[in-house]
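Asker: Quick one: the structure is below, and I'll ask about it shortly.
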Amino acid sequence: MMRTVVVVGTLLLGIGAAIAQQDVAVKQDNLMRLQGKSMYGVFLKMTKGEIPYDQKAVDAGIAALEESVPTISTVFATNPKEDVVNSNYGSSQKIWQNKADFDSKVPVVSKTIAEVKGSIKDTASLKAAYDSIQAKCADCHDTYRVKLK
């Protein structure tokens, strides 16, 4: 009887740990998707003429980035050691091997967002702002993001 309790307890603990790891990966994935929604779903589509320029949408996208980018270091504090099922991208293990470098890239992105905020008035200025922000995001993505599919 005692062995059964120990085995069941161990299994539940293992399942709980696996679920917790997946939750961390999902939070990380959700954060990147939220930022991608502003960057690619709004800014990039506007600069390509796929959707009309909308100042309110631009301002909302900048505000969303201002709020979410500073949380990157905290959200990526824990290594989930597994990727989100069916996700196109995942986190490289390099993040946790060189966390200081990873964390140092976040303020640079935040600073760039602050610099372009208020300067976006039309498609041309949005394109310049998008390119500036994207370049700083790519500094991290090139090293710390892996393509899964």
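Asker: State all residues of segment 105-149 that are of a type in the set (S, T, N, Q) and closer than 23 Å to residue 50 by Cβ; if no residue qualifies, say none.
Answerer: 119, 123, 125, 132, 134 - these are the residues of segment 105-149 that are of a type in the set (S, T, N, Q) and closer than 23 Å to residue 50 by Cβ.
Asker: Can you list residue pairs whose Cβ atoms sit under 6 Å apart, with the first residue in segment 22-50 being closer than 30 Å to residue 122 by Cβ and the second being of a type in the set (Ser, Thr, Tyr)? Count only pairs 6 or more apart in sequence or on different chains.
Answerer: 34/68; 35/68; 43/130; 46/53; 47/130
Asker: For residue 147, work out the one condition from (1) surrounded by 13 or more Cβ atoms within 10 Å (Cβ to Cβ); (2) closer than 19 Å to residue 34 by Cα it doesn't fulfil.
Answerer: It is condition (1) that residue 147 fails.
Asker: Here is a list: 113, 120. Which entry is crowded, with 17+ Cβ neighbours inside 10 Å, part of a helix (DSSP H, G or I), in contact with a helix residue (DSSP H, G or I) (Cβ under 9 Å, 6 or more places away or on another chain) and not polar (S, T, N, Q)?
Answerer: Checking each option against the conditions leaves just 113.
Asker: If you don't mind, there's one more thing I want to ask. Conditions: (1) polar (S, T, N, Q); (2) in contact (Cβ under 8 Å) with a residue 40 or more places away in the chain; (3) surrounded by 15 or more Cβ atoms within 10 Å (Cβ to Cβ). Residue 88 meets all but one. Number of the miss?
Answerer: (3)
Asker: Still on this model: Taking segment 122-139 as the region of interest, how many residues are under 25 Å from residue 83 (Cβ atoms) and either free of Cβ contacts under 8 Å to residues at least 60 places away in the same chain or in contact with a Gly (Cβ under 7 Å, 6 or more places away or on another chain) (or both)?
Answerer: Final tally of qualifying residues: 3.
Asker: Follow-up question, since we're still on this one. So which residues in segment 51-70 are loosely packed, with under 13 Cβ neighbours inside 10 Å and either touching a residue at least 60 places away in the same chain (Cβ under 8 Å) or within 14 Å of the chain's Cα centre (by Cα) (or both)?
Answerer: Across segment 51-70, the qualifying residues are 55, 67.
No lab work stands behind these numbers, since they all come straight from the coordinates. Computed from a predicted model, the values in this text were never measured in an experiment. Backbone-built Cβ (ideal geometry, glycine too); neighbour counts: all protein chains shown.
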